1. Checking residue 177 against (1) at pLDDT below 90; (2) surrounded by fewer than 18 Cβ atoms within 10 Å (Cβ to Cβ), which single condition isn't satisfied?
2. Taking residue 305, is it over 30 Å from residue 206 (Cα atoms), touching a residue at least 60 places away in the same chain (Cβ under 8 Å), out of contact with any helix residue (DSSP H, G or I) (no Cβ under 9 Å at 6 or more places or on another chain) and not assigned by TED's automatic domain parsing to the domain that holds residue 204?
3. Considering 217, 240, which residue is farther than 16 Å from residue 270 by Cα and touching a residue at least 12 places away in the same chain (Cβ under 8 Å)?
4. Please give the helices (runs of 4 or more DSSP H) falling wholly within the stretch 153-216 in which 1 or more residues are in the same structural domain as residue 247 (by TED's automatic domain parsing) and over 34 Å from the mean Cα position of the chain (by Cα).
5. Can you tell me which residue among 406, 327, 371, 417 is under 30 Å from residue 41 (Cβ atoms) and surrounded by fewer than 18 Cβ atoms within 10 Å (Cβ to Cβ)?
6. On the basis of being without any contact (Cβ under 8 Å) to a residue 24 or more places away in the chain and within 18 Å of residue 361 (Cβ to Cβ), does residue 324 make the cut?
7. Residues of the stretch 181-208 being surrounded by 17 or more Cβ atoms within 10 Å (Cβ to Cβ) and over 27 Å from residue 280 (Cβ atoms), which ones?
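The values are calculated or read from the model by the stated rules, or taken from the named source; none is laboratory data. All figures in this text were calculated on a predicted structure; none of them were measured in a lab. Using ideal geometry, Cβ is built from the backbone for each residue, glycine included, and neighbour counts are taken over all protein chains shown.
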């Protein structure tokens, strides 16, 4: 959180008092931290500007980039600090808070991106001469700013179905939504020095491993054997068909997810495993469900919430309208006015406890009360189906792309607006 002007000025006064009480010689001239800009109810100090400039210059050096002229760098850095101050003040007014648990999770993701544990990441930061605590608070401020931006910008963005259709009809749309495959390959190499018998032995070894996979052994486990030969290779990641090695590209489209094929090449014998795919026909089991959620409060403890949920179940079983009960009692604001209707859901969309209850409840029946992190639920399964979601996934992909494009445009416009509306006095 950005300190208030009064707090910053008070800190400066305390520092001055400390020097005076400490008997500092009058001949020594002490320079107080200077205010370089006033931004609404906040101020930006010279030390803040210098610290940010040092960080930016260090990043420029590490990336071996050409730095802009000093005056340009100072002006752009100060402009960025001003915009950050405006947004942090908005965050404080809106009551935006980043809980420590959420911040810790963000730090853990940063550490994971460098293949480090959180403890290792902290040690690396401090070994580099930086303060881990200061970095942590900087990440908190960035998260607050992101939340303010999303709240003010995303609500102004609408993507119509017509826009999605128009983009899908373009060459760029067709390219973007091509099917993608996640391929894992394992290779037993063959060299020119290998005798004919050695080549035959290697092929027989690969055939044996393939047979074990076809018999039900997991691909990763099957290719981890190291005797008498060792597989090389690994996960190729998500790729469109034209980015897959040509010797695999002819085979991959004919595989189903989880299937493995053998390919011989000049390099040796490959086992190619299709780990996943997206963009082709994808059938998933979906469940249509509605629910009533009762959330414990200070007034109604957990036991009372469970009892109310059980009572509502009994009333529904006795013939009362489930939808009307949901409208009157459910604490799920998003679905209550729709009679508790959650629509068609696929695996992974709901919390585990809810999904388990949904899977074990027959169509047309109401579950026993089930507890999740949100409270106590009863749910009614109203239908089940197998659905091809490939087209929905393509449209969602395009919608996300168009949203990101509009987001950048709207964000720039919003930042200009709040900058123009703010009181800014650069000293």
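1. (2)
2. Answer is yes for this residue.
3. Sole residue among the options that is farther than 16 Å from residue 270 by Cα and touching a residue at least 12 places away in the same chain (Cβ under 8 Å): 240.
4. Helices (runs of 4 or more DSSP H) meeting the threshold: 196-214.
5. 417
6. Answer is no for this residue.
7. The answer is 188, 190, 202, 205, 206.
Conditions tested, residue by residue: (1) in contact (Cβ under 8 Å) with a residue 24 or more places away in the chain; (2) touching a helix residue (DSSP H, G or I) at 6+ places or on another chain (Cβ under 6 Å); (3) within 29 Å of residue 400 (Cβ to Cβ).
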{"position": "173", "(1), (2), (3)": "yes, yes, yes"}
{"position": "176", "(1), (2), (3)": "yes, no, yes"}
{"position": "190", "(1), (2), (3)": "yes, yes, no"}
{"position": "195", "(1), (2), (3)": "no, no, no"}
{"position": "200", "(1), (2), (3)": "no, no, no"}
{"position": "206", "(1), (2), (3)": "yes, no, no"}
{"position": "257", "(1), (2), (3)": "no, no, yes"}
